[in-house]
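See structure below.
The values are calculated or read from the model by the stated rules, or taken from the named source; none is laboratory data. This is a predicted model, so every value here is computed, not measured. Please note: Cβ atoms are built from the backbone with ideal geometry, for glycine as well, and neighbour counts cover all protein chains shown. Protein only, heavy atoms only, side chains kept; ligands, DNA and RNA dropped before computing areas. Shrake-Rupley method; radii C 1.70, N 1.55, O 1.52, S 1.80 Å.
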Amino acid sequence: MKSVIIKDKKLLEVTELENIIPDGKNVIIEVTKAGICGSDIHNWEAGEPKGLVMGHEYCGKVINPGSRSDLNIGDRVTSLPISPCGVCQACKTGNPQYCAHTWENALGLSISNQGAYGEIIKVNPDLVLKAPENMTDEEIAMVEPVAVGLHAVHLANITVGQKVLVIGGGIIGLVSAMFANNEGASLVALSETNEKRGQNAINLGVAEKFLDAKNPNFINEALEISNGGFDVVLECCGNSQAVTSAIMACRPGGKVILVGVATTNIEVPTVMAVLKEISLQGAIAYTKEEFITTMDLISKKKIDVSKFVSETISLEKVQEAFIELTNGSSEKIKVLINPKL
């Protein structure tokens with residue numbers, strides 16, 4: 001079957017892999033749509049692990065239901081892409097994102113479990129969710145990244161009237177801004193180094209103010225429009241400059257949610273966090289309940305996620321898409337892959 005693998009640093013290759021054989025347990029799924037994620041870009045830039053088939057946000061059709069008697073051939077599904085053990089305290093309390101094993105065999109994130117940048121995948125039956133009939137393939141593929149934003153905003157515990165700054169205009173930043181608005185924030189601003197991405201937030205109606213992160217006066221402007229600092233800052237980039245900006249733009253006694261994942265150690269001015277008694281909260285993935293809630297919100301049209309989809313491409317165009325998404329000037333948000341194109 002045709003798949004895209006990591007060949008080297010910033011290099012992907014379309015190749016033929018062995019077909020997946022049904023084993024009577026795992027659900028075998030034909031991929032119809034798969035999303036390009038920021039974590040995929042990190043792996044592409046590092047060129048590791050070589051041979052990895054990425055892709056953990058997807059929609060697919062059941063080819064073989066495995067041990068799931070409630071699934072039928074042709075059912076449209078997605079899944080939590082993680083690999084929790086199911087028996088530890090984290091798993092038992094509905095927080096599989098904390099499980100020590102949750103990333104060991106994660107779909108499209110571990111070399112042992114090839115992801116949705118290919119025609120066929122196999123998925124742990126306990127993690128597969130059947131999608132409502134009224135959802136499009138694009139909406140189903142968007143459940144995973146949108147759930148990340150929902151989890152971040154839940155951790156922020158935003159209350160009506162608070163001022164919120166989102167740092168980063170990728171898909172996670174945009175959906176986080178969307179949920180912040182839904183929670184009743186009186187001001188949602190978004191900062192970006194890419195002006196086109198920043199303007200997207202305004203055009204899509206998820207933020208009312210764009211702050212240019214390249215502006216030398218950026219922090220002063222942030223403090224001015226928030227009247228002394230934002231109550232909540234959602235940092236969705238995962239680099240030193242972004243985390244530093246989050247701390248500086250937060251009000252004394254405010255909260256910073258670290259949503260972006262840094263792949264290397266970063267330096268930040270912790271003295272400012274101390275002096276302002278800022279709460280720093282990490283955020284990773286989502287609970288199973290939040291994943292299901294996200295699907296429910298989309299299916300009931302409580303939120304519109306299709307507006308974040310910029311284009312759908314073939315497997316042969318994936319390398320080209322990664323180059324464009326990292327050029328610093330692209331206005332594209334979510335690029336989906338259709339392995340059948």
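Results, tabulated for the structure shown:
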| quantity | calculated |
| --- | --- |
| Nonlocal amide H pairs with Asn113, under 5 Å, H built at 1.01 Å | Gly108 |
| Asn134-Gln281 pseudo-label distance in nm [points 7 Å out on the Cα-to-Cβ vector] | 3.1 nm |
| GluC sites (Glu not before Pro) restricted to region 183-239 and DSSP loop, no more than 13 other C-beta within 10 Å | none |
| Span from the region 271-310 Cα centroid across to the region 39-65 one, whole angstrom | 21 Å |
| FRET efficiency estimate (nearest 0.05) - Cβ-Cβ, Thr159 to Asp212, R0 30 angstrom | 0.60 |
| Region 315-322 - phi-based ³J(HN,Hα) in whole Hz, Karplus 6.51/-1.76/1.60, Gly and Pro as x | 4, 5, 9, 5, 4, 4, 5, 4 |
| Per-residue ³J(HN,Hα) for region 242-247, Karplus 6.51 cos²θ - 1.76 cosθ + 1.60, θ = phi - 60°, Hz, x for Gly and Pro | 5, 5, 4, 4, 4, 5 |
| Isotropic mean projected area of the C-alpha convex hull, the chain (nm²) | 16.4 nm² |
| Helix axis angle, 171-182 relative to the chain longest principal axis, alpha carbon, degrees | 60 degrees |
| Length released on extending from Lys302 to Asp8, taking residue separation times 0.36 nm less the Cα-Cα span | 101.7 nm |
| Choice from Val232, Val146, Val128 showing the highest fluctuation, given a GNM over the chain with Cα pairs closer than 10 Å | Val128 |
| Beta bridges by DSSP in the chain, antiparallel share as percent, to the nearest 5 | 50 percent |
| Cβ-based net charge around Gly260, under 14 Å, with every Lys or Arg adding one and every Asp or Glu removing one | -2 |
| Set of aspartates and glutamates with alpha-carbon distance to Lys61 below 18 Å, sequence-local pairs under 8 removed | Asp23, Glu30, Asp70, Asp75, Glu119, Asp126, Glu133, Asp137, Glu138, Glu139, Glu144 |
| With every protein chain in place, region 236-341: carbon and sulfur % of accessible area (1.4 Å) | 52 percent |
| Carbon and sulfur %, accessible surface of region 122-225 computed with the full protein complex present, 1.4 Å | 46 percent |
| Accessible area per residue in Å² at 1.4 Å probe, computed on region 1-88 | 43 Å² |
| Charge context of Val146, other residues only, Cβ under 11 angstrom, K/R +1, D/E -1 | -4 |
| Unsatisfied cross-links (Cα-Cα over 26 Å) in the set Lys92/Lys301; Lys130/Lys334; Lys288/Lys332; Lys92/Lys130 | Lys92/Lys301; Lys288/Lys332 |
| Greater than 28 Å apart at Cα, pairs in Lys25/Lys317; Lys255/Lys300; Lys7/Lys122; Lys10/Lys214; Lys33/Lys302 | Lys25/Lys317; Lys255/Lys300 |
| For region 141-194, accessible area per residue (1.4 Å probe, heavy atoms of protein chains only), Å² | 23 Å² |
| In Hz, Karplus ³J(HN,Hα) per residue of region 257-266 (6.51, -1.76, 1.60; θ = phi - 60°; x = Gly, Pro) | 9, 8, 9, x, 9, 8, 8, 9, 5, 10 |
